[in-house]
Every structure is written in C-alpha cells, then in structure tokens.
Amino acid sequence: MQLTAPQIDQLYTFTQQHYVEYYDLQTELVDHLANAIEVKMQEQPSRTFDESLQTEFKKFGVFGFMEIVEERKAALHKKYNGLVWQHFKDFFSFPKVLLTVLLILAVFTLFKITNHKEIVLFSIFVALICFSIYKMIQSRRQQQKSRKQSSKKWLFEEIINQYGNFSATVFVPFNVIAQVNNHIQNVFTNDYYIWGLSIIVVLSSFFVFIIFNIIPSKTEKYLIATYPEYKILSV
C-alpha cells in the first residue's frame, strides 16, 4: 500500500512538530517513516495510518528524532571540516606553495625591519577580526535574503553559515603568542621565534580566508553536491 500525498505532507508536519527543523533531515525521516508505515499497513490492513505512525515513532525511543539529528549534525560537521582542510592543503601544493613561502618571508622581513613589532602583530590580529566580522555580517544578510525566497532550512547550509568548528579556534595561536610575549622579555630578538610567529600569522590568515570567504562563496556548489534536489527547491 502506497501513502497518499496528504499523508506524506502529514509526515513532514509530524517531523517538524518533533523539533526537526531542517528540510533535508525531514526528508530522510519521512522516507524512512513512509516505507515502514507502508509495510505495516500492508501486513495489517486494519491498522490506520496514525496508529502505524505512532508505532514507528516509538521505535526512536525517549528522545524521538533528536539522536538522528545529532548524528547527522556530527556527520556534516565532519564533512565541513574536511572541506576546510582540503582548501588549506591546497596552499601547500604547486603553485600556491610559492605564494605561501613568499608571504611567510614577507611577514618575517616586516617583523625584522620594524621597531614596533607588537603593534604590527596587534594590527594583523585586528585586521583578521574586522575581516571576519565583516564577512559574518555579509553572510547573515545573504542568509536572511535567501530565507525570504525559500522557507526551507538545510542543515549543511546552517553549518557553513556558522563556520563549523574552526571559527572560534582560529585566533587561539594569537592568544598563545600574547602569553609568550608577556612572560618572556625580548622574545622578538630571537630569529627562531620570529620565523615561528611569521608561519603562525600566515597560516592563521589562510584559515580565516578559507572559513570566512572561500567556503561561503562556494556554499551553493557544496549544497547541490550534498543535496541534488537543492537547486530545484531553492529556485
């Protein structure tokens, strides 16, 4: 027995009422529930649609769909992190590796020739913060515009817009540098320290650029790759 269109719509409403707000997860759950209900009603024709639905829902346990949602979130966060690392590794493949080396040399030279190394470092840090905030505001506006065009929410899109797990950790190296500067006098006279600092500054800048510019600019591409139906439904 095949479910009717109104019954499928009822399943979408049911998942939404049970705190599944993302369309992709709703679709996965609706497909699962619909198949199970069709089998149940085929085996026991006397059972109603609602009875079969409640029987299947009980199989998800006390927390309902929450465990499925968390598992899917974890899987897509892992996918997002993989995209970040892939873009990051691209900077160490030819010819981008030449740009990486040149930037490190440029930052090292800047630290060596200036008498205001702390100010330069602080300025770089502030510039990265300002760039991140600007891109976040820009992304938020774009997200609001998209929401007006379509009421559907996609989990992977949400993860990309929240910048995954990296957004808060990108600036950790700068905190470490600040602590070292506070506890060690004349640390900027050590060339090894300046080389290390230059590498950290460049790599952190790459991460910021990837997280706040490259991946958000390719959001639609990644969503279509993850959800083939995204292009049709987002029109």
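The values are calculated or read from the model by the stated rules, or taken from the named source; none is laboratory data. This is a predicted model, so every value here is computed, not measured. Positions of Cβ are generated from backbone atoms using ideal geometry, with glycine treated the same way; all protein chains shown enter the neighbour counts. Protein only, heavy atoms only, side chains kept; ligands, DNA and RNA dropped before computing areas. Shrake-Rupley method; radii C 1.70, N 1.55, O 1.52, S 1.80 Å.
So for region 145-153 (the condition being under 20 Å from residue 224 (Cα atoms), surrounded by 12 or more Cβ atoms within 10 Å (Cβ to Cβ) and either free of Cβ contacts under 8 Å to residues at least 24 places away in the same chain or basic (Lys, Arg) (or both)), does at least one residue qualify?
Yes, region 145-153 contains at least one residue that is under 20 Å from residue 224 (Cα atoms), surrounded by 12 or more Cβ atoms within 10 Å (Cβ to Cβ) and either free of Cβ contacts under 8 Å to residues at least 24 places away in the same chain or basic (Lys, Arg) (or both).
Being within 30 Å of residue 154 (Cβ to Cβ) and aromatic (Phe, Trp, Tyr) is the requirement here; does residue 111 meet it?
No.
Just name the residue that is modelled with the highest pLDDT out of those in region 102-139 that are in contact with a helix residue (DSSP H, G or I) (Cβ under 8 Å, 6 or more places away or on another chain) and open to solvent by 80 Å² or more (accessible area, probe 1.4 Å).
Per the criteria, the residue is 112.
Can you find a residue in region 154-163 that is open to solvent by 20 Å² or more (accessible area, probe 1.4 Å), among the aromatic types (Phe, Trp, Tyr) and modelled with pLDDT of 90 or more?
In the first step, residues of region 154-163 are kept if they are open to solvent by 20 Å² or more (accessible area, probe 1.4 Å); the result is 157-158, 161-162.
So of that shortlist, the ones also among the aromatic types (Phe, Trp, Tyr) come out as none.
Looking through region 154-163, none of the residues is open to solvent by 20 Å² or more (accessible area, probe 1.4 Å), among the aromatic types (Phe, Trp, Tyr) and modelled with pLDDT of 90 or more.
Please determine, by comparing only the residues of region 199-219 that are hydrophobic (A, V, I, L, M, F, W, C) and open to solvent by 30 Å² or more (accessible area, probe 1.4 Å), which one is farthest from residue 130 (Cα to Cα).
At the first step, the residues of region 199-219 found to be hydrophobic (A, V, I, L, M, F, W, C) are 199-203, 206-212, 214-215.
Restricting the remaining residues to those that are open to solvent by 30 Å² or more (accessible area, probe 1.4 Å) gives 199-200, 203, 207, 209.
Numbers: 199: 21, 200: 18, 203: 17, 207: 15, 209: 12 Å.
Only one residue tops the list, namely 199.
Within region 209-222, count every residue that is closer than 17 Å to residue 92 by Cα and over 13 Å from the mean Cα position of the chain (by Cα).
1
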